[in-house]
Each structure stands twice: as structure tokens, then as C-alpha cells.
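A quick write-up on the structure given underneath.
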Amino acid sequence: MTEQIDGRQFRTVLGQFCTGITVITALDPDGAPIGFACQSFAALSLDPPLVLFCPTKGSRSWAAIEAAGKFCVNVLSEDQQPVCARFGSREPDKFTGVGWRTSELGVPVLDDSLATIECTVDSVVDGGDHYIVIGRVHALSESATTAGRPLLFYRGQYTGIEPDKTTPAPWRADLDHFLTTTSLDTWL
């Protein structure tokens, strides 16, 4: 038997885990750009290259993205807090005032994002009041013009990496080695 978990406590406790903020974008069936702010994004697999994100089941944007079958994950920089707020709102046209272009895959790529990951929908799994969307990566890039830091969310508010914390720690070389020489038993 599972104990009843208080929703407010659940959010408060999980708010102790800092997350990056992304905007998931696509074109709807009429060719109009759509998207939403998303904290629940993660890498899933190197071989094949897969990522995941978790939209709420009631999301109208997700329904249109699922119909499109392809999407872009835009990793926001700390300077893009207004972009995050816009895509987290109920505004009917979230792209107003936001620079973007359509990629070769046919998905909207937001200007000034730290990174973009273009995917097709590989599978969708039930996840309670959310879906778990697994995306197959077809293209990815880092911004050539944005050298900023990521926009983060922690304890219910936006945050960022402290400027003095960006200097690599002495163990950074070991971590880089671990992350770049992955095998089946070391991939997180």
C-alpha cells in the first residue's frame, strides 16, 4: 500500500533538485509555430541517440507536437528568462517578439538558445498526469554566438550559475574523461 503524498510537499521536496529550462517547439498541422516551456528534459541514450521530456496530458501544445511527429528542444540561456515566461504562459501566439528560424528538419529553432536538439517522436509512454515522450535525435548544435550560462529553476524560481562557480574544479578532467569515454556500464 502506498502512503498518500501531499502535493505541496511533493513539489517543495522535488524543488530542491535544480533543473535546466528548455522550450519544446514544433510546427502545427497548419504550419504555425507552437511550443511550451519544459523543465522535464533529459538525455536518455547514446546508442541510439535519444532524449526525453514530459508534457502534461492536458497540454494543447503537446497534442499539436505529437501530431507533427517532430520537435526541437531549445536549451535556454540565463538571458532568456523572458522567453521562458512567454512560453510558460497561456498566450495564444508565444512566438510574438521571439526570433526563430525553421530548421532543415522543419522545426522552429529559437534564436540565442545555448543548444538545440532536433528530434522525431520515437515513442510516448503514460506517466501519471504527464506523458513521457522519447525523441530520436536527428540533429543537434551548440550556439556559435551565445556563450552564456543556462537558465535554471530551483526552489520555485529562476536561478543561474554563480559567476565564480564557472571555473573548473580540480576534478573536472576526471569528470570530462568519465563523460566522454562511456560504455554500457558507465552511461548515466
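The values are calculated or read from the model by the stated rules, or taken from the named source; none is laboratory data. Remember, predicted model here, so these are calculated numbers, not experimental data. Cβ atoms come from the backbone with ideal geometry, glycine included; neighbour counts cover every protein chain shown. Calculation scope for accessible area: heavy atoms of the full protein, side chains included, ligands and nucleic acids excluded. Shrake-Rupley method; radii C 1.70, N 1.55, O 1.52, S 1.80 Å.
Give the residues of segment 97-109 that are of a type outside the set (A, V, I, L, M) and either under 14 Å from Thr22 (Cα atoms) or crowded, with 17+ Cβ neighbours inside 10 Å (or both), sorted by residue number.
Matches in segment 97-109: Trp100, Ser103, Pro108.
Please find, among Thr186, Thr180, the residue that is over 28 Å from Thr56 (Cα atoms) and either at pLDDT 85 or above or open to solvent by less than 90 Å² (accessible area, probe 1.4 Å) (or both).
Testing whether each residue is over 28 Å from Thr56 (Cα atoms) and either at pLDDT 85 or above or open to solvent by less than 90 Å² (accessible area, probe 1.4 Å) (or both) leaves just Thr186.
Run down Asp122, Asp79, Asp112, Asp93 and say which single residue is within 15 Å of Ala43 (Cα to Cα) and surrounded by fewer than 21 Cβ atoms within 10 Å (Cβ to Cβ).
Result: Asp122 is the single residue among Asp122, Asp79, Asp112, Asp93 that is within 15 Å of Ala43 (Cα to Cα) and surrounded by fewer than 21 Cβ atoms within 10 Å (Cβ to Cβ).
Could you grab me the full set of residues in segment 79-96 that are part of a loop (DSSP other than H, G, I, E, B) and either without any contact (Cβ under 8 Å) to a residue 40 or more places away in the chain or over 16 Å from Thr19 (Cα atoms) (or both)?
Ser89, Arg90, Glu91, Pro92, Asp93, Lys94, Phe95, Thr96
For segment 125-147, give me each residue that is open to solvent by less than 60 Å² (accessible area, probe 1.4 Å) and either on the phi > 0 side of the Ramachandran plot or part of a loop (DSSP other than H, G, I, E, B) (or both).
Across segment 125-147, the qualifying residues are Gly128, Ser143, Thr146.
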